[in-house]
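Enquirer: Questions regarding the structure given below will be posed in turn.
The values are calculated or read from the model by the stated rules, or taken from the named source; none is laboratory data. Predicted model, so just to flag it, every value in this text is computed and none were measured. All Cβ positions, glycine included, derive from the backbone under ideal geometry; neighbour counts span all protein chains shown. What goes into the accessible areas is simple: the full protein's heavy atoms, side chains included, and nothing from ligands, DNA or RNA. Shrake-Rupley method; radii C 1.70, N 1.55, O 1.52, S 1.80 Å.
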Amino acid sequence: MGDAAERRMVATGEPYPILTADRDFAWREGEVTGSVNDGNCFHALGGVSGHAGLFSTADDLLTLGAALAAPETHPELWRSEVVAELFRDGPDAGQALGWRSDSVAVAGRQTRLLWHPGYTGCALGIVQGTGTAAVLLTNRLFAPEPAPTEALWRTALPALLGGAPTSAGDQALRDNEGTRTS
């Protein structure tokens, strides 16, 4: 509850070091409602930041993802040059503008996947040019030792995209209800 994950991060430097000398935050103790859950965004950026996560329902995220995955079918939403810029490779390997970029197997063929990990354990993935989107919703921050969103995503992704999950993946899917695809 509250900023428990952030307190742990500041105290241990895991999963990455906190690069600030100011560690005397007024930590939030109770349930966080009506403001950004990401304590880094809340404390350092006043609660407004593009990295602070995904805020929506699974159905709406799937609708958005499917529309981005087949933008030519939704010209009323965005121009092709805007989508091209969104999907352009970023300055670092594995990045695009606001997205992580990865290669995944879909129907036995390696395909580019763009995905956005949400801090609380929500992720949206888009397979370009296919109309395929995947959403993962978890409440990972309530775990005593929260798993990184990326680890949950990589465990669920084979099943979401039609691959054969491992037995560990099967268990992770049962443990993380709320996984849906369109």
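Enquirer: Taking a probe of 1.4 Å, how large is the accessible area per residue of region 1-66, in Å²? Please list the in-between numbers first.
Expert: Numbers: 4020 Å² over 66 residues.
That works out to 61 Å² per residue.
Enquirer: Which shape class applies to the chain: rounded if a/c is under 1.5, otherwise prolate when a/b exceeds b/c and oblate if not, where a ≥ b ≥ c are the square roots of the Cα gyration tensor eigenvalues?
Expert: Details: a/c = 1.92, a/b = 1.44, b/c = 1.33.
In terms of gyration-tensor shape, prolate.
Enquirer: Sticking with this one: With each label point set 7 Å from Cα along the Cα-Cβ vector, what nm distance links A105 and N139?
Expert: Result: 3.4 nm between the two label points.
Enquirer: In whole Å, largest first, what are the principal axis extents of the Cα atoms in region 1-41?
Expert: For region 1-41, the Cα spread along each principal axis is 27, 18, 15 Å.
Enquirer: Sticking with this one: Taking a ≥ b ≥ c as the square roots of the eigenvalues of the Cα gyration tensor of region 69-119, is the shape rounded (a/c under 1.5), prolate (a/b larger than b/c) or oblate?
Expert: Working: a/c = 1.91, a/b = 1.25, b/c = 1.52.
Cα axes put region 69-119 in the oblate bin.
Enquirer: State which stretch of the chain is the longest one without any exposed chymotrypsin sites (Phe, Trp or Tyr not before Pro), exposure meaning a DSSP loop state and at most 15 other Cβ atoms within 10 Å. The partial results should precede the final answer.
Expert: On the way: sites that count: F25, W27, F55, W78.
Result for the longest clean stretch: 79-182.
Enquirer: For the ranges 144-150, 34-40, what's the packing order if you count other beta-carbon atoms within 10 Å of each residue, average per peptide, and put the highest first? Each step should come with its number before you reach the end.
Expert: On the way: 144-150: 14.0, 34-40: 17.4.
My ranking of the peptides, most packed first, is 34-40, 144-150.
Enquirer: Quote the FRET efficiency, to the nearest 0.05, computed for T33 versus L86 with a Förster distance R0 of 45 Å and r equal to the Cβ-Cβ distance.
Expert: Values: r = 31 Å, r/R0 = 0.68.
With a Förster radius of 45 Å, E is 0.90.
Enquirer: Quick one: angle between helix 149-160 and the longest Cα principal axis of the chain, in degrees between 0 and 90, rounded to 10, please.
Expert: That works out to roughly 30 degrees.
Enquirer: Scan the chain and report its longest stretch carrying no trypsin sites (Lys or Arg not before Pro) that are both in a DSSP loop and have at most 16 other Cβ atoms within 10 Å.
Expert: 89-182
Enquirer: Another question, then. I need the P(r) histogram for region 38-133: all alpha carbon pairs, bin width 5 Å from 0 out to the longest distance, whole percents.
Expert: 3, 13, 20, 23, 21, 13, 6, 2, 0
Enquirer: Could you compute how much accessible surface S56 exposes when probed at 1.4 Å, giving the result in Å² to the nearest 10?
Expert: My reading of the accessible area for S56 is about 60 Å².
Enquirer: So what are the three principal axis dimensions of region 91-158 from its Cα atoms, in whole Å, longest to shortest?
Expert: Projected onto its principal axes, the Cα set of region 91-158 covers 38, 29, 17 Å.
Enquirer: Could you state the per residue volume, in Å³, of the convex hull enclosing the Cα atoms of region 36-81?
Expert: Details: hull volume 4.4 nm³, N = 46.
For region 36-81, the hull spanned by Cα atoms encloses 97 Å³ per residue.
Enquirer: Okay, next question. What percent of all Cα-Cα pairs in region 12-90 falls in each 10 Å bin, counting up from 0?
Expert: Per 10 Å bin, starting at 0, the Cα pair percentages come out as 14, 31, 28, 21, 7, 0.
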